[in-house]
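The next block holds one structure in the form of structure tokens; read it before the comments.
The values are calculated or read from the model by the stated rules, or taken from the named source; none is laboratory data. Quick caveat: nothing in here was measured; it's all calculated off a predicted structure. Glycine gets a Cβ as well: all are built from the backbone with ideal geometry, and neighbour counts include every protein chain shown. Ligands, DNA and RNA are stripped out before the accessible areas are found, and what is left, the full protein with its side chains, is counted by its heavy atoms. Shrake-Rupley method; radii C 1.70, N 1.55, O 1.52, S 1.80 Å.
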Amino acid sequence: CEDEFTYFKDGSPRVANVSVKIVSNDGKQYSMLSNASGMATFKNISESYYSVTAQKLGHAAYRETVYMPPGGSTMRAFLQRELVSYTWSVTQVTIQEKYTFTVEATFETQVPAPVVTIDPMLI
């Protein structure tokens, strides 16, 4: 498992402690956390198509359907960082059937996220 920060970092370290879940076509489920190297190894699973989901707090979930042949296969899960989050709250007011909705945007700051600029603006 990797994200923007690990992908572009020297040595390309991986994301640890990602919750990885696989579900076969016949409904068999397996789950585990990725290790310090960002790897999750499922042993003794049968040949099938699997729905793969990888999730970690602060990242968008990764989902893909993959075919696992006999002997296994390796795949890479790229988890996008969520640099902005929204928290919704609803407050009931004294007038019946009226509510106040509040949206709070939380921006992660001091983050070395890449920024692309084009100069000159016109070609």
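If you only keep lysine pairs separated by 8 or more in sequence, or across chains, how many in the chain come under 27 Å at the Cα atoms?
Close lysine pairs under the 27 Å cut-off: 7.
Per residue of the range 15-24, in order, report the coupling 6.51 cos²θ - 1.76 cosθ + 1.60 (Karplus, θ = phi - 60°) as ³J(HN,Hα) in whole Hz, putting x for Gly and Pro.
Calculated HN-Hα couplings, in order: 8, 8, 6, 8, 7, 10, 10, 10, 10, 7 Hz.
Can you give the FRET efficiency for Q110 and S19, using 1/(1 + (r/R0)^6), R0 = 35 Å, r = Cβ-Cβ distance, to the nearest 0.05?
The calculated FRET efficiency here is 0.85.
How large is the accessible surface of K21 in square angstrom, using a 1.4 angstrom probe and rounding to the nearest 10?
That residue has around 90 Å² of solvent-accessible surface.
So what does F78 come to for accessible area, using a 1.4 Å probe and Å² rounded to 10?
Probe radius 1.4 Å; accessible area of F78 about 80 Å².
With every protein chain left in place, what is the accessible area of F8 in Å² (1.4 Å probe, nearest 10)?
140 Å²
Quick one: if the Förster radius is 30 Å, what FRET efficiency do S89 and K43 give, using the C-beta to C-beta distance and rounding to 0.05?
Efficiency, from the Cβ-Cβ distance: 0.10.
222 nm [θ] for the chain, helices only, -39500 (n - 2.57) per DSSP H run of 4+, per residue, to 500?
-500 deg cm²/dmol
Take I118, I45 and sort them by solvent-accessible surface of the protein heavy atoms, 1.4 Å probe, largest at the top.
Largest accessible area first, the residues go I118, I45.
Which shape class, rounded, prolate or oblate, goes with the chain when its Cα gyration tensor gives a ≥ b ≥ c as root eigenvalues, a/c under 1.5 marks rounded, and past that a/b bigger than b/c marks prolate?
oblate
Starting from the Cα gyration tensor of the range 59-120, take the square roots of the eigenvalues, sort them a ≥ b ≥ c, and report rounded, prolate or oblate (rounded when a/c is under 1.5, otherwise prolate if a/b is larger than b/c, else oblate).
oblate
Over the chain, what is the relative contact order in percent, taking alpha-carbon pairs closer than 8 angstrom and at least six residues apart?
On the way: 203 pairs, mean separation 24.0, N = 123.
In percent, rounded to a whole number, it is 20.
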